[in-house]
Amino acid sequence: MIERAAAGPLRRLVVLRHAKSARPEGVADHERPLAARGCRDAPAAGRALADMDCLPGLALCSTAVRARSTWELAAAQWGTPPPVRLDPRLYHADVPGLLDVIRETPAEVETLLLVGHNPGLEELVLTLADDGLDDLLNRVRAKFPTSAIAVLDWRGPGWRGLVPGGALLTSVAVPRGKR
């Protein structure tokens, strides 16, 4: 399946939508914290990424409080978290903006984690995946809820080569923490 893509090493883009956020009165959107459910689900997402063997070499994260908190709680589940780059361009980015940031990733990074927001993340997954295992594309089309994880695999010499329709959607998960 992935062999259709360009030559080069197998690369993996892991997309994580931030966990459920609170909506406190008088708090700007960018500063919204995680809700209690989000504080439970974000660590579950970190554990799920480890179980899926999707630990990244680099994480790119929106500067919004809810995205940063999701990253911190997820990464705390791993022995040694990878470097993270907080990028304000990821806050409410559209697909072209997300691709611009992704394509700046150094070629030596084989697995990249992107932590951000909908609708941009859902649209990114659907734009990049020309196919998906089982019914994964339909699952993303139906809903990409908070804490959702999508894994896209592709081959290429560097992240600049990631193009619409150039990846295979290999996994979708929606981890939930216990109350």
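The values are calculated or read from the model by the stated rules, or taken from the named source; none is laboratory data. Bear in mind that the values here come from a model prediction, so they are computed numbers and not experimental data. No Cβ is skipped: glycine too gets one built from the backbone with ideal geometry, and neighbour counts run over all protein chains shown. Accessible surface is based on the protein model in full, side chains and every heavy atom, while ligands, DNA and RNA are left aside. Shrake-Rupley method; radii C 1.70, N 1.55, O 1.52, S 1.80 Å.
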Study note, to complete from the structure: Between LEU34 and residues 5 or more places away or on another chain, the pairs with built amide H atoms under 5 Å apart involve ALA22
Check your understanding: Projected onto the charge dipole of the stretch 58-147 (+1 at Lys/Arg Cβ, -1 at Asp/Glu Cβ, origin at the Cα centre), which of GLY132, ALA74, LEU60 gives the Cα projection farthest towards the positive end?
Key -> ALA74
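Per the 1.4 Å probe, what fraction of the accessible area of the chain, in percent, lies on carbon and sulfur atoms?
Numbers: 4150 of 8160 Å².
For the chain, the apolar C and S fraction of the accessible surface comes to 51 percent.
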Check your understanding: Karplus couplings for the stretch 20-34 from phi (6.51 cos²θ - 1.76 cosθ + 1.60, θ = phi - 60°), rounded to Hz, Gly and Pro as x?
Key -> 4, 9, 8, 10, x, 4, x, 9, 4, 3, 4, 9, 4, x, 6
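What value, in deg cm²/dmol to 500, does the helix sum -39500 (n - 2.57) over DSSP H runs of n ≥ 4 give at 222 nm once divided by the residues of the chain?
-8500 deg cm²/dmol
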Check your understanding: Can you give me the relative contact order of the chain as a percent, contacts being Cα pairs under 8 Å and 6 or more apart?
Key -> 33
**Study point:** Probe 1.4 Å, protein heavy atoms only - accessible area per residue of the chain in square angstrom
**Key:** 46
Review point. Once the stretch 49-134 is represented by equal point scatterers at the alpha-carbon sites, with solvent omitted, what log10 I(q)/I(0) does the Debye formula produce at q = 0.19, 0.24, 0.25 Å⁻¹?
Key: -0.92, -1.33, -1.39
Review point. Ignoring ligands, DNA and RNA, how do HIS30, HIS92, HIS117 rank by accessible area with a 1.4 Å probe, largest first?
Key: HIS92, HIS30, HIS117
Study note, to complete from the structure: Given unit charges at Cβ for Lys, Arg (+) and Asp, Glu (-), the dipole magnitude of the stretch 1-134 about its Cα centre in debye, nearest 20, is 480
Check your understanding: Roughly what percent of Cα-Cα pairs across the chain reach past 29 Å?
Key -> 13
Practice item. Return the long-range amide H neighbours of LEU114 (sequence gap of 5 or more, or a different chain), with a cut-off of under 5 Å between placed amide H atoms. Key: VAL14, VAL15, LEU16, LEU60
